[in-house]
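Read through the structure below, which is laid out as structure tokens, and then see the notes.
The values are calculated or read from the model by the stated rules, or taken from the named source; none is laboratory data. Nothing here was measured: the structure is a model prediction, and the numbers come from that model. Note that each Cβ is placed from the backbone with ideal geometry, even for glycine, and that neighbours are counted across all protein chains shown.
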Amino acid sequence: MNEPATLFVNGNILTLDRFAPHAEALLARDGRIVALGPGSETESQASPATRRIDLGGRTVVPGFNDCHCHILGFGLTLDQIDVGTDAARNIGDIQHLVEQRARQTAEGAWVLGRGYDQNVLQEGRHPTCNDLDGSSHGHPVLLWHTSGHALSCNSSALELAVVHAGTSTPPGGDIERDEHGEPTGVLKESATDLVFNVVPPPAAEQGAEAIIRAMKVMASQGITSASDASTGTGSSIDPELDMYHRAATSGRLRGRITVMPQIRYVAPPDTEQIREPRSFLSGQETEWLRVGPTKLFSDGALTTRTAALREPYTDTAGDGLMMWETPTLDSMIRRAHQGGWQIATHAIGDRAVEIVLDCYARALRETPRRDHRHRIEHCMLLDRELAARIQQLGIVPVLQPGFVSRLGDAYVTGLGMERASQLMPVALFDQLNITVAFSSDRPVIPGAPLDGIRAAVQRLTPAGATLGREHCVSALEAIRHYTMGSAYATHADSEVGALRRGSFADFTVLSDNPAGIPAGELAGVRVEMTVAGGVETYGE
């Protein structure tokens, strides 16, 4: 490419490379780091044509890597109604927001929104079709729960989806019904597909634009790599892959993307077929777009009380649900493993974590594989025995520490303080030398990495309670998990995650050093510049 090199000088560069953990200057050329070290030594390798940027003593860390988020989904929400806790404190607020949008929406078009949480609404329940009908002015309405594991819709949406009293509840799902057996408009887990599948999908260009917008927001938060943790909708994954390819070749993408095909496209549950990783994005993978692990769900979410627990929830009957019968889950994992896939399985409750570990253990026993890096997404509730099994099997827990600071009070309500304090035991994983990856799961939460790092250090709920002080970690460790850990979780640690010669020039410039200030001052740290491939994607 022979692009002019860029020299970044006068920085406090935390490389996270154990052989050379600190540097003052960095020289980038053609997207990679070609020199790194003391200022004078690095500057001597620059030429007269080299562009020079003075970092002014600011702290530099490797670019943040959100290895579990929903890029397309997040980008689409930027044009949808925000009914999250900052915008709606009660169902009346939601009705007002729906009515406003309905009046601005073309006749017959869907009104879509995201982010409500019955745990914090004043009514303490999900909005129902009866709540939404009067505000929708004839439009079908679908509002996603903040977790993405439940939705609320109006009667028009139920009619379009042909969901009524006689509709059978699908396996791994729940249709909430009133005392007469009529659907209330609240659907959970696999049942959400009944309505979501009748919403017109975005056109290719609309989807590509949503991906570009999502990555622009993430670049402003210091993110240089992200993984779409559930790629594909409906019967074919190809339309979504096309959207990602369009975004990657647009010249406007501000970060690297890894797509994670849903298991149904890789190892369908009703067959013995297996599709090879190289068959996805065939001939279209680049430094900016690649295929990662296959994704599957085993249970639900804590906030919807659908995560599968060993012991019941404290505030409602039941102990959650599993999405699949164990033999089906076991078959999908076995076939994907034999087919050479890295596998990322959603498991939140301790019952689900145990079952998934059993499936991984059987697959590895039948077909041993080194460096498989199979993952458990969320991996929230577990004891020391399950953590030890994770270590023995070489599993990577992919955690979202920001859940505590946004959703922690709901966890206390549903689990009690004792169990809630054991969620995401990062310090325990570190003690066991388990490689941990941090991520956001956005749009479940806003998802800025600095917020997640602060949450891992403090573990404070919105109400100010500390969930498991013994599981707090240092800011430096949290940064490692959001960079090196996430790179390891995506088999990208040879290229990103630490700053060293030959790696991609992906890094973030911060206003202060999170590892050098008290925990109470972390909220003041800002992202001032983001660089991906040696090019500034945010800031100046």
Item to check | Every residue from segment 315-358 that is surrounded by 17 or more Cβ atoms within 10 Å (Cβ to Cβ), polar (S, T, N, Q) and touching a residue at least 60 places away in the same chain (Cβ under 8 Å) | outcome: Ser331, Gln342
Checklist entry - Take the residues of segment 89-120 that are within 24 Å of the chain's Cα centre (by Cα) and hydrophobic (A, V, I, L, M, F, W, C): which is nearest to Gly73 (Cα to Cα)? => result Leu112
Item to check | Breaking point among (1) closer than 30 Å to Thr224 by Cβ; (2) in a helix (DSSP H, G or I); (3) within 19 Å of the chain's Cα centre (by Cα), for Asp430 | outcome: (3)
Item to check | Whichever residue in segment 359-377 is closer than 11 Å to Pro293 by Cβ and touching a Leu at 6+ places or on another chain (Cβ under 8 Å) and, among such residues, is surrounded by the fewest Cβ atoms within 10 Å (Cβ to Cβ) | outcome: His372
Next on the checklist: Of the conditions (1) of a type outside the set (A, V, I, L, M, F, W, C); (2) surrounded by fewer than 19 Cβ atoms within 10 Å (Cβ to Cβ); (3) under 17 Å from the mean Cα position of the chain (by Cα), Arg310 satisfies every one except a single condition; which number is it?
Outcome noted: (3)
Next on the checklist: Looking at segment 370-391 only, could you name the residues that are outside any loop (DSSP other than H, G, I, E, B) and over 16 Å from Val436 (Cβ atoms)?
Outcome noted: Glu385
Next on the checklist: Being under 20 Å from Thr490 (Cβ atoms) and either at pLDDT 95 or above or in a loop (DSSP other than H, G, I, E, B) (or both) is the filter here; which residues of segment 268-290 pass it?
Outcome noted: Arg275, Glu276, Phe280, Leu281, Ser282, Gln284, Glu285, Thr286, Glu287, Trp288, Leu289, Arg290
Checklist outcome for this item: For segment 392-407, pairs from a residue that is over 20 Å from Met484 (Cα atoms) and among the aliphatic types (A, V, I, L, M) to a residue that is in a strand (DSSP E or B) and modelled with pLDDT of 95 or more, with Cβ under 8 Å and 6 or more apart or across chains, are Val404/Leu460
Item to check | Members of segment 24-72 that are crowded, with 20+ Cβ neighbours inside 10 Å, within 30 Å of Gly292 (Cβ to Cβ) and acidic (Asp, Glu) | outcome: Asp66
Next on the checklist: Could you go through segment 113-124 and let me know if any residue there is closer than 25 Å to Ala307 by Cα, part of a helix (DSSP H, G or I) and at pLDDT 95 or above.
Outcome noted: no
